Amino acid sequence: MGELDRKHGVDTAQLQAVHFAARERRRSLAGIPKLHRTHRFVGASAMAVPSIDPSVVFAGMELAPMTFKTAIRITGGSPAGCIFEFSSTPRGVALAVLDRFIAVVGGGLTTEQALAVFDNGMTLPTGLELEMVAAIDPGTGRSRLWANGQEIARATASGGDFGVGWGAAGLGSFAAAANGTIHNAVATSAGAPTDFDVIEPLSVYARQMPRQFV
């Protein structure tokens, strides 16, 4: 397949239109333009934020739907670690990578837990970039995970909800090792990102879900 003509390093109008349409389609699939960002996390001199107190920044939101958005790039052959996590071992929300798996979990343990796991079937390949959107709905006990606009994993708590919510007690982190403890379901990915980089600040859309969350 031939490439569209480029002159002097500047895309032609046709190519610009193609790129624009592709970006808009991907973004619309993620549903993010329909949401209002309420929080943004990024370090002052680096991406990582090693300490976040969800009991302060998300006060009173334990039972609220939550949507999270960031992006990662695989840089080596054994990707593993925490993308973000809030709260503690028995109750919280977290997004993590382990070799061929990407997982988001929300809620408590056993019947109050929604652990959505994407299995790539083989180690995530070096160079892969993924725009990640994770959403949880404590009231219905559901979690969903999208990558580059496509849903890749979903789960529903067997008890039908998260009980007292996804939790806001216990510290959290972003693009860093878990601060204190991480939800037990992803405990093997509690370390700082290894062989992958977090390449976009964490956007949070509190009390909101993407339009295609079903």
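The values are calculated or read from the model by the stated rules, or taken from the named source; none is laboratory data. Because the structure is predicted, anything quoted here is derived from the model rather than measured. Neighbour counts run over all protein chains shown; Cβ positions are idealised from the backbone, glycine included.
Checking Gly159, Gly165 one by one, the residue that is surrounded by 21 or more Cβ atoms within 10 Å (Cβ to Cβ), part of a loop (DSSP other than H, G, I, E, B) and modelled with pLDDT of 95 or more is Gly165 and no other. Looking only at residues in segment 107-140 that are in contact with a helix residue (DSSP H, G or I) (Cβ under 8 Å, 6 or more places away or on another chain) and over 13 Å from Phe213 (Cβ atoms), the one that is surrounded by the most Cβ atoms within 10 Å (Cβ to Cβ) is Gln113. Scanning segment 83-97 for residues that are part of a strand (DSSP E or B) and over 16 Å from Ala175 (Cβ atoms) yields Ser87, Gly92. Spot the failing condition for Arg144; the list is (1) surrounded by fewer than 24 Cβ atoms within 10 Å (Cβ to Cβ); (2) more than 15 Å from Leu109 (Cα to Cα); (3) of a type outside the set (A, V, I, L, M, F, W, C), and only one is missed. It is condition (1) that Arg144 fails. Look through Asp195, Asp119, Asp161 and report the one residue that is closer than 14 Å to Ile83 by Cβ and not basic (Lys, Arg). Being closer than 14 Å to Ile83 by Cβ and not basic (Lys, Arg) holds for just one of Asp195, Asp119, Asp161, which is Asp195. Number of residues in segment 194-210 that are assigned to a strand (DSSP E or B) and buried (at least 20 other Cβ atoms within 10 Å of the Cβ): the value is 5.
A quick yes/no check of all residues on (1) under 17 Å from Ala80 (Cα atoms); (2) touching a Ser or Thr at 6+ places or on another chain (Cβ under 8 Å); (3) touching a residue at least 40 places away in the same chain (Cβ under 8 Å); (4) crowded, with 21+ Cβ neighbours inside 10 Å:
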{"residue": "Asp99", "(1), (2), (3), (4)": "yes, yes, no, no"}
{"residue": "Val105", "(1), (2), (3), (4)": "yes, yes, yes, yes"}
{"residue": "Asn148", "(1), (2), (3), (4)": "no, no, yes, no"}
{"residue": "Gly172", "(1), (2), (3), (4)": "no, yes, yes, yes"}
{"residue": "Gly191", "(1), (2), (3), (4)": "yes, no, yes, no"}
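Counting the residues of segment 41-59 that are surrounded by 11 or more Cβ atoms within 10 Å (Cβ to Cβ) and either part of a strand (DSSP E or B) or among the β-branched types (Val, Ile, Thr) (or both) gives 7.
Among the residues of segment 44-84, those identified as of a type in the set (S, T, N, Q) and either more than 15 Å from Ala176 (Cβ to Cβ) or under 18 Å from the mean Cα position of the chain (by Cα) (or both) are Ser51, Ser55, Thr67, Thr70, Thr75, Ser78.
Every test in (1) closer than 30 Å to Gly139 by Cα; (2) modelled with pLDDT of 95 or more is passed by Gly43 save one, and that test is (1). Applying the set (1) touching a Pro at 6+ places or on another chain (Cβ under 8 Å); (2) free of Cβ contacts under 8 Å to residues at least 24 places away in the same chain to Val42 leaves exactly one unmet item: (2).
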